[in-house]
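Please read the structure below before turning to the comments.
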Amino acid sequence: PLYLPHLGIRPADVPGWTGAIAAISSFVGIPFLPFWGALADRYARQPVIVRSFVAHLLAGILAVLAGNVWVFVLGRAVQSLSLGNSGLMMTTLAEQVPPTRLGFAFAVLNGVGPLGAFAGPLVGGPIVDLWGFPALLTIDIGLMLLVILGMTFGYHDTYQGTDRGGILSMALGSVGLIGRSPRLRTLFPALFLLFAGWMLAFTYITLVVGALYHGPNPATAVGLVLGAGGLVTIVVSPILGALADRFGHWRILFVSAGTSVVLWPLPAFAGDLVTFGIAWAILNGVVSGFFSISFSVLSESAAPADRGRVMSFAYLPVNLGYAVGPALGSLVTQVSLFAVFPAAAVITALGLGVLVVASRQPVTSPAEEIG
C-alpha cells in the first residue's frame with residue numbers, strides 16, 4: 001500500500017486498490033491448485049515444490065520492473081502460481097512424524113512463516129524508508145534465487161510418483177475426493193470463513209498503522225507492528241500445537257477460534273500505535289496458532305490413501321480467504337478503515353459455526369464405508 005502512489009494511484013484510492021490487487025492476484029492461481037498435486041503424484045514432489053519458489057522469483061522481477069500498477073498486478077498474479085507447495089511439504093512431513101506429534105510438527109513447520117514475518121519486516125521496513133520498495137524487492141529476488149538453488153541441489157526427496165493416469169483426470173479426481181467426503185466438503189468452507197476474516201484484516205494492517213503513525217518512517221513502524229505479531233506467533237503457535245496433541249486437535253481448534261472471535265473487535269478501539277500493536281500481536285498469535293492446528297484436523301479428516309492429494313489443497317481455504325477477504329475489505333473500508341476488525345469477527349464466528357458442523361460429519365461417504 002505504501003508503494004501504490006508511486007505507481008500512479010491517488011492516496012484516496014489506495015484502500016480500494018489494496019483489496020482489489022490482493023483479490024485478483026489470489027484468484028489467478030487457485031484454478032491451478034489441483035494440477036500441482038496431480039503432477040507431484042504422477043512424477044515427483046521436489047520439482048513441484050521448487051516450482052513455487054521460481055514463481056516468487058519471477059513475480060519479484062516483474063514487480064521491480066513495473067512502471068505502472070498493471071504490470072505490478074501481473075507480478076502479483078504470477079506469484080499466485082506458487083500455491084500448493086506447503087500442502088506437499090506437509091504431506092512429506094506427515095509421513096515422517098509419529099501421529100502423536102503431528103500437531104506439534106505442523107505447528108513448527110507453519111511457525112517458519114511467522115519467523116519470517118518477525119525478522120523480515122524488522123529488516124525490510126528500514127530498507128524501504130532508506131532506499132525504497134524496489135530496493136527491498138531486489139534483495140528478495142537475490143534471496144529467492146538462493147532458495148531455488150538450495151532446494152534444487154541440497155534437498156533430496158525419496159518419494160517417487162506411482163500414478164500414471166492423465167494429469168487432468170488426476171486433478172479432477174483430487175477435487176472429487178473432497179466432494180465425496182462429508183467431513184471434507186464441510187471442513188473446507190469452515191476453514192475458508194475462518195481465514196477470510198484473518199486475511200480481511202491482515203491486508204489493511206499497513207494502512208491502519210499509517211493512520212496511527214505520523215512520523216517520518218512509516219515502513220519501519222509497519223515492520224515493528226508486523227514483527228511483534230510474528231514474535232508472538234513463534235511462541236504461541238507451538239504451544240497451541242502441543243496442547244492440541246495433548247487435549248485433542250478439534251478441542252483446541254474450537255477454543256482458539258472462539259477466543260479470536262472475542263479478540264477481533266479490540267484493535268478497532270486502539271487509540272494509539274502501541275495499544276494497536278499489542279492487540280494485533282496477541283490476535284495474530286492466536287489466529288496463527290489455530291491456523292497451524294487446522295492442518296492436523298484436515299490431515300486426520302482424510303483417508304490415509306487420499307491424504308497426499310487432499311493435503312495439496314491444504315492452503316486452499318487461506319488462498320480463497322486471501323482473495324475474498326480483501327475484496328470484502330475494499331467495501332468495508334469505505335465505511336471506516338478500522339471496520340475491518342469487527343467484520344473479521346463476524347466472518348470468523350460464521351466459520352466457527354460451520355466448523356462445529358464439520359466435526360460431526362463422517363470422514364468418508366456412506367458408499368465408501370460400505371465398499
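The values are calculated or read from the model by the stated rules, or taken from the named source; none is laboratory data. Just so it is clear, the model here is predicted, and its values are computed rather than measured. Using ideal geometry, Cβ is built from the backbone for each residue, glycine included, and neighbour counts are taken over all protein chains shown. Note: accessible area is taken over every heavy atom of the protein model, side chains too, but ligands, DNA and RNA are not part of it. Shrake-Rupley method; radii C 1.70, N 1.55, O 1.52, S 1.80 Å.
Data overview
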| quantity | calculated |
| --- | --- |
| Kyte-Doolittle mean at least -1.0, axial Cα span of 18 Å or more - DSSP H helices of the chain | 14-29, 45-65, 102-131, 133-153, 167-180, 182-202, 218-247, 249-263, 273-300, 316-332, 340-359 |
| Candidates Phe290, Phe133, Phe313, ranked by Gaussian network fluctuation over the chain, Cα under 10 Å, top entry | Phe133 |
| Net charge, Phe104 excluded, C-beta distance under 13 Å - Lys, Arg +1, Asp, Glu -1 | +1 |
| Accessible area per residue, Å², the chain with all protein chains present, probe 1.4 Å | 43 |
| Pairs of alpha carbons in segment 266-308 whose separation is greater than 15 Å (percent) | 57 |
| Pairs of alpha carbons in segment 55-159 whose separation is greater than 24 Å (percent) | 37 |
| For segment 215-255 and segment 79-96, distance of Cα centres in Å | 21 |
| With 10 Å bins from 0: P(r) over segment 1-97, alpha-carbon pairs, percent | 16, 39, 26, 15, 5, 0 |
| Along each principal axis, Cα extent of the chain, largest first, Å | 65, 43, 32 |
| Relative contact order computed over the chain (Cα-Cα under 8 Å; 6+ residues apart), in percent | 30 |
| Whole-percent carbon and sulfur share, accessible surface of segment 19-138, 1.4 Å | 77 |
